[in-house]
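Structure, as structure tokens:
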Amino acid sequence: MSKYARLLPALGLAALVSALPTALVAEESWSVAEPQGEFKSVQIQTTEGTWMSVDISPDGQYVVFDMLGDIYRMPAAGGEAELLRGGIGWHMQPTYSPDGEYIAYTSDEGGGDNIWVMKADGSEAWQVTKESFRLLNSPSWSPDGNFIVARKHFTARRSLGAGEIWMYHRTGGQGVMLTARPNDQKDLGEPAFSPDGRYVYFSQDSTPGPIFEYSKDSGSGIYSIKRYELETGEIETVLSGYGGAIRPTPSPDGKYLAYVARDEFQTKLYVYDLQTGERTEVYDNLSRDMQETWAIHGVYPAMGWTDDSKDIVFYANGGLHRVNVANQEVAAIPFSVETTKQVQHTLRQQQPIEESTFDVRMLRNVQVSPAGDKAVYEALGHLYVRNLPNGEPERLTQREGKFEQFPSFSRDGRYLVYTTWHDQEQGQVIVRDLRRGSERVLPTGKGKFIEPVFSPDGKSVVYRKIRGGYLTNPVYGLEAGLYHFNLNSDAPEFIAKNGSKPHFGSSNDRVYVQGWSASGPTLESIDLNDHSRRTLYTSSHATEYSVSPDGEYLAFAERFRVHVTPFVERGQPISISPSDRQFPVEQVSKRAGDNISWTHDSSRLYWSLGPELYSASLEGMFDIGAGEHELVADGTNISFSQDVYVPEQTVAFVGGKVVTMNGEEVIENGVVVVEGNKIVAVGERGRVRVPQNARVIDTSGKTIMPGLVDTHAHGAQGEQQIIPQQNWVMYAGLTFGVTTIHDPSNNTAQIFTASEMQRAGSIVGPRIFSTGTILYGANGPGYTAHVDSLDDALFHLERMKKVGAFSVKSYNQPRRDQRQQIVQAARELDMMVVPEGGSLFQHNMSMVVDGHSSIEHSIPVANMYSDVKQLWQATETAYTPTLVVAYGGIWGENYWYAHTNVWEHPKLSKFVPKRILQPRSVRREIAPESHYNHFNIARGAKELQDEGIMVTTGAHGQREGLGEHWEIWMLVQGGMTPMQALRAATIDGARSLGMDHAIGSLEAGKLADIIVIDGDVLEDIRQSDRVTHTMVNGRLFDADTMNEMGRNAKARQPFYFEE
């Protein structure tokens, strides 16, 4: 195909698509340039910009640069910029061809980042590379102008990925690899041809080992510059060592190599003499580079030489500059940009957290009886039974004081085996006679037991013992593995160290388990007589296997859908997938599903999704001549509603300084009255009546304020689906006043179970909200969310909403169209999308444009300028910089480990096990204050807040509870007042989650999430961690002991690590 057959007008893909026949358009129904959604226009007028790549034309007449996803040119001396390439597509990294006739650039207009070329006046653009997964950026021309080298991105199980240098003809093709990535995580990029065409220079992360690490030491050298010889394929290191070396840019005469490196913590521009080896500093005040973070789009913006090799044009500190290499004289290249950007309306919906009842959505371990007449499941820590099809759920037992889990029927349906959990007594395996209601506790000894199943004849049980030891007491965790218990014996038999989800087929002496291999999850069988083990099936993405009771079929869940295939063995593993061609594989579920179970005759298959039970008949499915079968789309809701736990008490906080977070309102001698779980009065002492029956908390000399909202929290909620009765991580959060958490990545089943149990009052903790498991753009069973259409996106968001999510985390989905489709699906389902920022500035900005609810993690650049601020302030996208793990330098948490004795904190040392706290905190490294990057990030957050952009706090789970205060303190270090920092940690956090109507400030009618602090935080923000009382939804706790206070208070039991 000729080049001109692929030409696109400068206005973008949309104009061409509109002219195509309908049949052709159907194949490309999603356009990055014209996505579905709701838009508004933003006017941008600026003379400064953020992280701009720049080049100068060979004739020296023009400078071309990128800004906010648009490409501009202007006279080389500066002036008013002319838009060459704009629209919703994101265009960047422009570079002139050697003859000056064309510009190569990176654009996502075709779906994801690829290399494009247009004429130098911005007309006749065509797409050179057409990758849909291994995306490309950072183009550089060959000296003859016929070829382009670029960085190609590869990911494996970790979404960070690594780069390779590939070469393409300017008219297209699949290209050829030049440099192979040494591993899947260390970066490589910024390619540039030498002017004689002999070499391709590039930069590479040369630190030891195959694992990408944050907070590396730039002083000792992270990146090196290497060059690849095209004739021989040999690679040699050109520059390395102190300060690193990045952005190699050869001069046109071939004598010099411009590059970027650090001196101390300052990024500088150097020229390297390729003949003598002399290094010359030519500019000492570049913007901070991205050596210490993940930078797939380049570690520093591209720069260019004048054709006479005398001057370099480059970006620094919001502006464009030109430096003479010989005398180091620097001149600014002034520019002005006036443009209009289209941005989507931000996703945000009000969440009805104030309602007095809620629908229980997270049903775990759903199992249908062999006769298909009843279902059993675990919810809110107990087992429920529901007759099918139209019964009402009822508790299986009346047990209190222990949690029940992992039910499984015997093949005759008469018995049920399940496990229990108690924090002090540990677990049990119990067999229940469903007719008589009698139970037998199996003599397993103490331990943590999960996944019990009956053999086909009902005479034995196989179960799994886990080690635990993080949330739960590590004792009785030895000899973890699979056990076989003959019900006529007195003790269990150990059969295997590894394997999960045991189940039987037709034989009593072979148990099937899920294992793991280099290729992914496996189905294995274990002989109960000699314990020999065989691998039967392998899969790259299966999350559950289930052999039918008659041994004729294998059901499996892969990529969240349920499939079934004939079950066979051949003496060696069989690789299986939904697209398998070896044997017929039938998808049975239209929606997602897990918890697979069978009827006793193997004629019907069951699975669940949240509160709904689905089933499919296998009748005739694999008969000769069988036609298409209809996918099961609709299920039966088998769950129930539950009252929110509300304490029956009245509490009055009297005498303290009330920082209401209702605007700037502060009441010096105030009163806050709470009845049940609602604030009923807030005002000055003497003007607010304190009810006679109220429990009065004297807060004289203290601060009363709303509970803290951690919008980016992580933390364990269970251990292999065992939810502890008292989770010390949650108690540690409450002791520091964190009353609401939003966890944007956690085990779906565990965190939504914990969330519902907290609401019901079954466990103590802050309000728990989550995205559940991430929608992962890389490769990982149970994580990868494959999105190639709006329907795919709707599938994934619907499955998360079914289990209780109101938000999802779009985690490094590689293509822009995928991210846009997830946003549109969320818009249609009234959900929010919180993306993984990924330390990629260009992606961050396109996420703001596309209407994401927030940007999670810090913007990686040291400074944001007027272009970014004008764009962002026109949206309602929130910013959660997670300063404790801020990109681009030493993480913020390291500052506090270095400057405070964290292990001695009276609260932290009480509620976090010593063996977890001390190894991280006692021995610590220290660096000059300028190396702690959180100061820059916090200053940027302050600037954004000043522009009206919503900034929130998120402690990332780095240090339980205390991390939220570190976030507040660091915001103040960045220039916020204490009031502004507290606003980020309270009302703005609530607003970003759609909850500010109910929490986040102290106002009559709102929910009672309140903390009392011993001190005046408006005078000294470092007193904020001195929390004396924490109230969450009206439940009041002494924050020093975490004992509940009140009439019907539930006593706290000692944690296993308390002395």
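The values are calculated or read from the model by the stated rules, or taken from the named source; none is laboratory data. None of these values were measured; they are calculated from a predicted model. Don't worry about glycine lacking a Cβ; one is built from the backbone with ideal geometry, like all the others, and counts go over all protein chains shown.
Among the residues of the stretch 718-764, those identified as among the small types (Gly, Ala, Ser) and either under 23 Å from residue 418 (Cα atoms) or within 18 Å of the chain's Cα centre (by Cα) (or both) are 718, 745, 749, 754, 755, 760, 762. Among the residues of the stretch 669-702, write down those that are touching a Lys or Arg at 6+ places or on another chain (Cβ under 9 Å) and of a type in the set (Ser, Thr, Tyr). Selection gives 699 alone.
Output the number of residues of the stretch 253-266 satisfying the condition of being within 24 Å of residue 194 (Cα to Cα) and either within 41 Å of the chain's Cα centre (by Cα) or without any contact (Cβ under 8 Å) to a residue 12 or more places away in the chain (or both). Count: 6. When each of 440, 386, 348 is tested for being part of a loop (DSSP other than H, G, I, E, B) and either of a type outside the set (Phe, Trp, Tyr) or not assigned by TED's automatic domain parsing to the domain that holds residue 757 (or both), the lone residue that passes is 348.
Scanning the stretch 807-850 for residues that are within 15 Å of the chain's Cα centre (by Cα), under 27 Å from residue 754 (Cα atoms) and assigned to a loop (DSSP other than H, G, I, E, B) yields a count of 5. For the stretch 512-526, the criterion of being in a loop (DSSP other than H, G, I, E, B), closer than 28 Å to residue 441 by Cα and among the small types (Gly, Ala, Ser) is met by none of the residues. For the stretch 182-203, state whether one or more residues are over 21 Å from residue 891 (Cα atoms), in contact with a Leu (Cβ under 9 Å, 6 or more places away or on another chain), surrounded by fewer than 23 Cβ atoms within 10 Å (Cβ to Cβ) and modelled with pLDDT under 95. There is at least one residue in the stretch 182-203 that is over 21 Å from residue 891 (Cα atoms), in contact with a Leu (Cβ under 9 Å, 6 or more places away or on another chain), surrounded by fewer than 23 Cβ atoms within 10 Å (Cβ to Cβ) and modelled with pLDDT under 95. The listed residues are 709, 646, 690, 682, and the only one of them that is part of a strand (DSSP E or B), farther than 18 Å from residue 965 by Cβ and either at pLDDT below 95 or of a type in the set (Val, Ile, Thr) (or both) turns out to be 682.
When residue 662 is tested against the conditions (1) over 30 Å from residue 362 (Cα atoms); (2) not in a loop (DSSP other than H, G, I, E, B), the lone failure is (2). Within the stretch 857-889, the set of residues being among the aliphatic types (A, V, I, L, M) and either touching an Asp or Glu at 6+ places or on another chain (Cβ under 8 Å) or not assigned by TED's automatic domain parsing to the domain that holds residue 744 (or both) comprises 864, 878, 883, 884, 885. When residue 431 is tested against (1) assigned to a strand (DSSP E or B); (2) free of Cβ contacts under 8 Å to residues at least 40 places away in the same chain; (3) among the aliphatic types (A, V, I, L, M), just one condition goes unmet, and that condition is (2).
Select from the stretch 217-238 the residues that are small (Gly, Ala, Ser) and exposed (fewer than 13 other Cβ atoms within 10 Å of the Cβ) and write down the one among them that is farthest from residue 180 (Cα to Cα). Among them, the one singled out is 220. Summed over the stretch 979-994, residues that are more than 16 Å from residue 737 (Cβ to Cβ) and assigned to a helix (DSSP H, G or I) total 5.
Here's a check for you: in the stretch 151-198, which residue that is assigned to a loop (DSSP other than H, G, I, E, B) and hydroxyl-bearing (Ser, Thr, Tyr) is farthest from residue 294 (Cα to Cα)? The residue in question is 171.
Restricted to the stretch 39-92, and to residues there that are within 22 Å of residue 862 (Cβ to Cβ) and in contact with a His (Cβ under 8 Å, 6 or more places away or on another chain), the residue that is surrounded by the fewest Cβ atoms within 10 Å (Cβ to Cβ) is 69. So how many residues does the stretch 307-357 have that are within 43 Å of the chain's Cα centre (by Cα), over 26 Å from residue 877 (Cβ atoms) and β-branched (Val, Ile, Thr)? The number of residues fulfilling the criteria is 6.
Listed here are the residues, each with its yes/no results for (1) more than 27 Å from residue 517 (Cα to Cα); (2) of a type in the set (Lys, Arg); (3) surrounded by fewer than 20 Cβ atoms within 10 Å (Cβ to Cβ).
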{"residue": "548", "(1), (2), (3)": "no, no, no"}
{"residue": "554", "(1), (2), (3)": "no, no, no"}
{"residue": "562", "(1), (2), (3)": "no, no, no"}
{"residue": "570", "(1), (2), (3)": "no, yes, yes"}
{"residue": "599", "(1), (2), (3)": "yes, no, no"}
{"residue": "655", "(1), (2), (3)": "yes, no, yes"}
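For (1) crowded, with 20+ Cβ neighbours inside 10 Å; (2) among the small types (Gly, Ala, Ser); (3) part of a loop (DSSP other than H, G, I, E, B), each residue gets a yes or a no:
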| position | (1), (2), (3) |
| --- | --- |
| 312 | yes, no, no |
| 327 | no, no, yes |
| 336 | no, yes, no |
| 342 | no, no, no |
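Of the listed requirements (1) among the hydroxyl-bearing types (Ser, Thr, Tyr); (2) within 25 Å of residue 514 (Cβ to Cβ); (3) not in a strand (DSSP E or B), residue 606 misses just one: (3). Tallying residues that are surrounded by fewer than 22 Cβ atoms within 10 Å (Cβ to Cβ) and farther than 16 Å from residue 313 by Cα within the stretch 273-292 yields 9. Scoring residue 750 on the criteria (1) surrounded by fewer than 23 Cβ atoms within 10 Å (Cβ to Cβ); (2) more than 22 Å from residue 646 (Cβ to Cβ); (3) touching a residue at least 40 places away in the same chain (Cβ under 8 Å) leaves a single failure, condition (3). Test residue 638 against the criterion of being surrounded by 13 or more Cβ atoms within 10 Å (Cβ to Cβ) and farther than 30 Å from residue 1033 by Cβ, and give yes or no. In short, no.
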